[in-house]
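Here is the structure we will look at.
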Amino acid sequence: MKTSEGIRIIALGGQLDPNIIAGQSKDKYPPFYSETDAKVLRGATTADILITSEWPEGIRARSKTEFNPPVQPSAQQCIADLDVVLKPRYHFSTSGGTFYEREPFFHAPSDETDGFYPVTRFISLAAYGNPNKQKWIYAFSLEPSASHPVAPPTGSTACPLVLSEKKRPAPEHREQALIYDDGTRGRRSNKRRKGEPRGPITASECFFCLANENIATHLVTSIGENSYLTTAKGPLSTSQTFAGLGFPCHMLIIPFSHQPTLGSMEEEERRGTYAEMQRYRSAMNSMLKSVTETKYGSVTWEVSKSSLPHTHWQYLPVAADLISKGLVEAAFKALAENLHWPKFEKQDVGDGFEETSDFFRVLVWNPNDEPEKQICYVMRFDEKIRFHNQFGREVLAKLLRLDNRIDWHDCGQTQAEEEQDVQKFKEAFKEFDFAA
Ligand SMILES: [Zn+2]
């Protein structure tokens with residue numbers, strides 16, 4: 001959360017339970033958290049105050065401060081990761097009957113920190129009313145706009161914590177992260193021996209899960225409460241496709257929840273996720289309107305298929321006249337008809353809960369309408385047709401005369417190019433990003 005004074009607070013309560021899977025607990029306030037819960041918080045990028053029940057693994061290294069409790073507090077690597085990534089000014093935790101305040105530690109300066117030294121103070125309070133009269137309350141003042149020091153403060157040590165990724169050899173197939181097909185080409189199939197059954201993709205190997213350490217985090221442009229926004233890997237459009245925009249704007253809206261469809265999420269999560277995905281869609285529509293007036297509308301599409309690992313939406317601007325002349329609708333209908341697939345119906349299936357079959361849907365926005373407006377088309381299908389997950393991209397590639405870019409593998413960019421597109425998008429989206 002961010003207070004009205006602009007202080008960013010991140011909290012992770014309870015104990016780590018490595019066996020729970022995110023989103024599985026029906027309890028709103030479970031006394032446990034999962035590694036996924038911890039990893040999702042890394043998406044916040046920065047924090048002023050971090051509060052955790054458990055300690056970060058390795059926090060006492062390089063420290064000379066005495067600490068001899070009867071029972072050592074339990075410490076976790078995933079919490080150390082939060083300190084390293086978020087670089088909070090204060091990290092508060094607890095330690096039974098004993099108080100502990102570590103010497104402040106500094107993080108190495110980088111471009112990200114403008115060459116300054118972010119400093120973290122780790123303070124672990126004793127329990128309220130503890131018999132040893134150890135400190136259980138702590139007063140401090142914090143100026144959220146204060147910059148980091150230009151040199152490490154006296155008495156501080158270098159950061160004792162190490163990011164978990166750095167403890168392991170570099171992951172393979174990094175370039176395949178954040179793909180947007182069904183994962184059959186992107187998944188790490190070479191690790192599976194021939195004949196071995198292909199199990200469902202777990203959150204830790206899913207390229208849409210923030211829990212996956214291999215996801216291309218440099219493509220992430222905004223992180224909401226239930227979903228996040230990224231630029232597409234191998235975008236259909238280029239930075240020249242949309243005159244006046246200057247970046248491809250082929251975007252993915254991805255729920256945090258590792259579920260094949262919106263309909264398979266639990267009610268509260270489903271409603272919140274759907275509402276926020278819609279919010280991202282209309283925020284991008286507002287951005288398009290502010291940058292290009294009514295030159296471009298947008299098309300958002302979704303494959304809702306129970307055999308896919310992780311549902312998501314794709315978003316692409318389309319010239320307004322293609323929309324007003326009905327050519328977008330016609331293009332989807334024509335290709336489906338050519339393939340002898342079921343007919344599209346003009347219908348809004350909302351969060352998909354009422355749907356009993358797999359479906360493909362398109363949400364079309366005309367820039368002469370309000371940004372949250374949409375015209376919806378849905379095609380329901382079953383295994384009798386050989387639906388291919390690149391259908392939406394194929395239709396739009398033909399419509400926008402980008403036939404040579406149908407396959408995302410042919411649209412590879414260097415990391416520098418990707419970062420530049422991300423930067424340009426963020427710049428344009430800044431004032432519409434409700435999650436920032
Ligand atoms: Zn996933």
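The values are calculated or read from the model by the stated rules, or taken from the named source; none is laboratory data. Remember, predicted model here, so these are calculated numbers, not experimental data. Using ideal geometry, Cβ is built from the backbone for each residue, glycine included, and neighbour counts are taken over all protein chains shown. Ligands, DNA and RNA are excluded from the accessible area calculation, which covers all protein heavy atoms including side chains. Shrake-Rupley method; radii C 1.70, N 1.55, O 1.52, S 1.80 Å.
So which residues in the range 62-114 are closer than 14 Å to Leu12 by Cβ and either open to solvent by 30 Å² or more (accessible area, probe 1.4 Å) or of a type in the set (Phe, Trp, Tyr) (or both), if there are any at all?
Ser74, Ala75, Gln76, Gln77, Val85, Phe92, Thr94
Could you tell me which residue of the range 66-101 is nearest to Phe122 (Cα to Cα), considering only residues that are aromatic (Phe, Trp, Tyr) and out of contact with any Asp or Glu (no Cβ under 8 Å at 6 or more places or on another chain)?
Within the range 66-101, the match that is nearest to Phe122 (Cα to Cα) is Phe92.
All but one of (1) in a loop (DSSP other than H, G, I, E, B); (2) modelled with pLDDT under 85 hold for Ala146, so report the exception by its number.
Of (1) in a loop (DSSP other than H, G, I, E, B); (2) modelled with pLDDT under 85, only one is false for Ala146: (2).
So if I check each of Phe429, Phe434, Phe425, Phe387, which one is touching a residue at least 24 places away in the same chain (Cβ under 8 Å), in a loop (DSSP other than H, G, I, E, B) and surrounded by 13 or more Cβ atoms within 10 Å (Cβ to Cβ)?
Numbers: Phe429 fails: in a loop (DSSP other than H, G, I, E, B); Phe434 fails: surrounded by 13 or more Cβ atoms within 10 Å (Cβ to Cβ); Phe425 fails: in a loop (DSSP other than H, G, I, E, B).
So the residue among Phe429, Phe434, Phe425, Phe387 that is touching a residue at least 24 places away in the same chain (Cβ under 8 Å), in a loop (DSSP other than H, G, I, E, B) and surrounded by 13 or more Cβ atoms within 10 Å (Cβ to Cβ) is Phe387.
Which residue pairs have Cβ atoms closer than 8 Å, lie 6 or more positions apart in sequence or on different chains, and pair a first residue in the range 141-166 that is on the phi > 0 side of the Ramachandran plot with a second residue that is open to solvent by less than 50 Å² (accessible area, probe 1.4 Å) and in a loop (DSSP other than H, G, I, E, B)?
Partner pairs satisfying both residue conditions: Gly155/Glu103; Gly155/Pro104.
Would you mind telling me which numbered condition in (1) crowded, with 19+ Cβ neighbours inside 10 Å; (2) assigned to a loop (DSSP other than H, G, I, E, B); (3) within 25 Å of the chain's Cα centre (by Cα) Gly392 fails?
Exception for Gly392: condition (2).
Can you tell me which of Ser204, Ser189 is modelled with pLDDT under 95, more than 15 Å from the ligand (Cβ to nearest atom) and not charged (D, E, K, R)?
None of the others qualify; the one that does is Ser189.
Do you know which of the residues in the range 334-348 that are of a type in the set (D, E, K, R) and touching a strand residue (DSSP E or B) at 6+ places or on another chain (Cβ under 8 Å) is nearest to the ligand (Cβ to nearest atom)? Steps first, please.
Kept after step one, since they are of a type in the set (D, E, K, R), are these residues of the range 334-348: 337, 343, 345-346, 348.
Now restrict to residues that are touching a strand residue (DSSP E or B) at 6+ places or on another chain (Cβ under 8 Å): 343, 345-346, 348.
On the way: Lys343: 31, Glu345: 29, Lys346: 31, Asp348: 26 Å.
Top of the filtered list is Asp348.
Identify all residues within the range 1-55 that are modelled with pLDDT under 85 and hydroxyl-bearing (Ser, Thr, Tyr); write none if there are none.
Answer for the range 1-55, where residues must be modelled with pLDDT under 85 and hydroxyl-bearing (Ser, Thr, Tyr): Ser25, Tyr29, Ser34, Thr36, Thr45.
Suppose we filter the range 229-268 for residues that are in contact with a helix residue (DSSP H, G or I) (Cβ under 7 Å, 6 or more places away or on another chain), of a type in the set (A, V, I, L, M, F, W, C) and open to solvent by 20 Å² or more (accessible area, probe 1.4 Å); how many remain?
Residues that pass the stated criteria total 1.
With the checklist (1) over 20 Å from Pro255 (Cα atoms); (2) of a type in the set (D, E, K, R); (3) touching a helix residue (DSSP H, G or I) at 6+ places or on another chain (Cβ under 7 Å) in hand, flag the one item Arg380 doesn't pass.
Tallying (1) over 20 Å from Pro255 (Cα atoms); (2) of a type in the set (D, E, K, R); (3) touching a helix residue (DSSP H, G or I) at 6+ places or on another chain (Cβ under 7 Å), Arg380 fails exactly one: (3).
Hey, could you check the range 36-61 for residues that are assigned to a helix (DSSP H, G or I) and hydrophobic (A, V, I, L, M, F, W, C) and say which is surrounded by the fewest Cβ atoms within 10 Å (Cβ to Cβ)?
Checked the range 36-61; the qualifying residue surrounded by the fewest Cβ atoms within 10 Å (Cβ to Cβ) is Val40.
Tell me, please, whether a residue that is modelled with pLDDT under 95, open to solvent by 60 Å² or more (accessible area, probe 1.4 Å), at negative phi and not basic (Lys, Arg) can be found in the range 274-290.
Within the range 274-290, none of the residues are modelled with pLDDT under 95, open to solvent by 60 Å² or more (accessible area, probe 1.4 Å), at negative phi and not basic (Lys, Arg).
Kindly indicate which of Trp341, Trp408 is over 29 Å from the mean Cα position of the chain (by Cα) and buried (at least 16 other Cβ atoms within 10 Å of the Cβ). Show your work before the answer.
Working: Trp408 fails: over 29 Å from the mean Cα position of the chain (by Cα).
One residue alone meets the criteria, Trp341.
Within 12 Å of the ligand (Cβ to nearest atom), surrounded by fewer than 21 Cβ atoms within 10 Å (Cβ to Cβ) and at pLDDT below 90: which single residue out of Gly199, Gly183 fits that description? Lay out the reasoning, then the answer.
Details: Gly199 fails: within 12 Å of the ligand (Cβ to nearest atom).
Result: Gly183 is the single residue among Gly199, Gly183 that is within 12 Å of the ligand (Cβ to nearest atom), surrounded by fewer than 21 Cβ atoms within 10 Å (Cβ to Cβ) and at pLDDT below 90.
Within the range 317-331, track down each residue that is under 15 Å from Cys376 (Cβ atoms) and either in a helix (DSSP H, G or I) or touching a strand residue (DSSP E or B) at 6+ places or on another chain (Cβ under 8 Å) (or both).
Scanning the range 317-331 gives Ile323, Val328, Glu329.
Keeping to the range 293-321, report how many residues are aliphatic (A, V, I, L, M), within 16 Å of the ligand (Cβ to nearest atom) and at pLDDT 95 or above.
Counting residues in the range 293-321 that are aliphatic (A, V, I, L, M), within 16 Å of the ligand (Cβ to nearest atom) and at pLDDT 95 or above gives 1.
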